[in-house]
């Protein structure tokens, strides 16, 4: 399935107009319309934003069928965890270690190795 059709389906499911989607993405409606009509395609960064807004994994746009990937709709906590993972990629090793230590301290039981 082409990306344009997928974009249209996602937008319609949320009862949004093209203008509303364009506003959420900080682009002109004409640009968004061109994507839905497969005149042009969004870049990867924009696809990531669209996936985030619709709570679908990025691979949704690349032909991975739902039956092949049953986790097509992400829960809010999964989205937040992925945001933390993206932030960690931009951290220094020292900051990563600090973050992990804070998480471990806050959630000791979850990190208990005796289970």
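The values are calculated or read from the model by the stated rules, or taken from the named source; none is laboratory data. All of these numbers come straight from a predicted model, not from anything done at the bench. Positions of Cβ are generated from backbone atoms using ideal geometry, with glycine treated the same way; all protein chains shown enter the neighbour counts.
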### Evaluation of residue 40 against (1) under 15 Å from residue 3 (Cβ atoms); (2) assigned to a loop (DSSP other than H, G, I, E, B); (3) at pLDDT below 90 (one fails), failing number
(3)
### Task
May I ask you to list the residues in the stretch 48-77 that are at pLDDT below 70 and within 20 Å of residue 24 (Cβ to Cβ)?
73, 74, 76
